[in-house]
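Read through the structure below, which is laid out as structure tokens, and then see the notes.
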Amino acid sequence: AINRSKQTDVINASWWVMSNKTRDELERSFDCCGLFNLTTLYQQDYAFCTAICKSRSSTCQMCGEKFLKHSDEALKILGGVGLFFSFTEILGVWLAMRFRNQKDPRANPSAFL
């Protein structure tokens, strides 16, 4: 239900709210530099990047692309889990409606209720 542009907006908004320490940790753990190449802030982000990929080659992959890939995978898993539980809930409602008016076999058959 979330398209790629909405995911990009959420990731972009959260990136600029993070502290510099958090950004550095994410860049090191994901081995990427900067978020998206959208503004001149990307050049500043890229200049202060401490990821390993920067020392190995002249260019690094942008973190935004890696975040989008991981968020796509997470959303697919969450969608599957949601579908599983929604179908089991429907099954539970059907079973409850099917068996709710069953008579107790141990009850007295001559009793009215």
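The values are calculated or read from the model by the stated rules, or taken from the named source; none is laboratory data. Since we're looking at a predicted model, the values are computed, not measured. When we count neighbours, we look across all protein chains shown, and the Cβ atoms used for this are built from the backbone with ideal geometry, even at glycine. Calculation scope for accessible area: heavy atoms of the full protein, side chains included, ligands and nucleic acids excluded. Shrake-Rupley method; radii C 1.70, N 1.55, O 1.52, S 1.80 Å.
Which of the following values of Rg and Dmax of the Cα atoms in Å was calculated from the structure shown: [x] 15.6, 50; [y] 26.5, 89; [z] 12.9, 38?
This structure yields the entry labelled [y].
If I take R0 = 35 Å and measure r between the Cβ atoms of LEU75 and GLN44 in this structure, what FRET efficiency does the formula 1/(1 + (r/R0)^6) give, to the nearest 0.05?
0.70
With unit charges on the beta carbons (Lys and Arg positive, Asp and Glu negative) and the dipole taken about the Cα centre of region 45-113, which residue among PHE67, SER110, PHE85 sits farthest to the positive side?
SER110
Total Lys pairs in the chain closer than 22 Å by alpha-carbon, pairs eight or more apart in sequence or interchain only?
Within the chain, the lysine pair count is 8.
Sorted by mean Cβ packing within 10 Å, highest first, what order do the peptides 94-106, 51-63 take?
Ranked by mean Cβ neighbours within 10 Å, highest first: 51-63, 94-106.
Express in nm, to one decimal, how much length is gained between ASP104 and PHE84 on full extension, taking 0.36 nm for each residue of separation and deducting their alpha carbon distance.
Working it through step by step, the gained length comes to 4.0 nm.
Grab the beta carbon distance between LEU91 and ILE2, set R0 = 22 Å, and tell me the FRET efficiency rounded to 0.05.
Plugging the Cβ-Cβ distance into 1/(1 + (r/R0)^6) gives 0.20.
Share of region 45-113's accessible area from carbon and sulfur, percent, 1.4 Å?
It is 66 percent, rounded to a whole number.
Would you mind working out the magnitude of the charge dipole of region 4-101 relative to its Cα centre, with +1 at each Lys and Arg C-beta and -1 at each Asp and Glu C-beta, to the nearest 20 Debye?
So the dipole magnitude of region 4-101 works out to roughly 260 debye.
If you count only protein heavy atoms with a 1.4 Å probe, what accessible area per residue comes out for the chain, rounded to a whole Å²?
For the chain, the per-residue accessible area is 78 Å².
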